[in-house]
Amino acid sequence: MEPVLMILIVVLVVIGGLLASLGAHLLPVGGAPAAMGTATGIATGTVQIMLGATMTGLFTAASVATFSDSLALVALSGAVGATVMISVVMFMANILYVFGCGVVPISGRVDVDPITKEPQAPYKTPQTDGHGVPNVVFVSGMMGGFIGGLGGALMYYALLNYAGFSAGTAAIGALSIFVANAIIAAYNIRGTIEGFHDPKFKRLPFALATSLAVSLLCGIVVVIAATVLGGAM
């Protein structure tokens, strides 16, 4: 394998890992509190919600990769697929919260929605951290899905076209690297997060620094595997 190709693989894997970490911090992670309607977001953890969005993005990216070798097209298809998935999940969560629990989608981290400028505090149930997926959280979640899906698709493309992996191995490899970065994000978030307006979002630089190191190591492992095993994968 040529040195330039090795460097390109590592660079794309690192970029994909960093985008995965950024995307995770933008998603509305609600965990158990969201399941009880006492916090905003989706009632699942960081890793699970990222994997759901990323797997959908990888499906769309893999489908496009069967008839196109364009990096931009494959990457964008992964981003769009993940965005659609997380948007549907957030929309259905709001349906359940509003008509099932009878609560208004309200942010618990800001008194005024940064986007719509609608007041939040008067509608928040006492002793809770908001409900559902309010407007600013929805927008942030869409951004997180797009960025995360883009990162996963970039890694998939690098493993498929530059490292010479088979489609299945490339998907598993990209997803595995994504899981590592999602776990790092989960430790950094420590529970729930609403999105870019959440005070916890300021912790992002710490996650990105760790993600850089982990993704760089993963990229090197991919290069070694591609060099040693060649077309056997």
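Brief remarks on what is shown
- Tally, over the stretch 100-139, of residues that are hydroxyl-bearing (S, T, Y), under 17 Å from G31 (Cα atoms) and surrounded by fewer than 17 Cβ atoms within 10 Å (Cβ to Cβ): 1
- Just one of the listed residues (L22, L71, L76) is touching a residue at least 24 places away in the same chain (Cβ under 8 Å) and under 21 Å from I183 (Cα atoms), and it is L22.
- Criterion (of a type in the set (F, W, Y), in a loop (DSSP other than H, G, I, E, B) and farther than 23 Å from G30 by Cα) met by exactly one of F165, F196: F165
- Checklist (1) surrounded by fewer than 24 Cβ atoms within 10 Å (Cβ to Cβ); (2) within 26 Å of V221 (Cα to Cα); (3) not hydroxyl-bearing (S, T, Y) applied to P33, failing item: (2)
- Pick from the stretch 22-75, criterion in a loop (DSSP other than H, G, I, E, B) and among the β-branched types (V, I, T), ranking: farthest from D198 (Cα to Cα): T66
- In the stretch 30-53, the residues that are at positive phi form Cβ pairs under 7 Å with partners that are of a type in the set (A, V, I, L, M) and part of a helix (DSSP H, G or I), at six or more places apart or across chains, as follows: G41/A34; G41/V137.
- The single condition among (1) surrounded by 14 or more Cβ atoms within 10 Å (Cβ to Cβ); (2) at pLDDT 90 or above; (3) within 17 Å of I42 (Cβ to Cβ) that F91 does not satisfy is (1).
The values are calculated or read from the model by the stated rules, or taken from the named source; none is laboratory data. Everything numeric in this text was worked out from a predicted model, so none of it was measured. With ideal geometry, Cβ positions are generated from the backbone for all residues, glycine too; neighbour counts draw on all protein chains shown.
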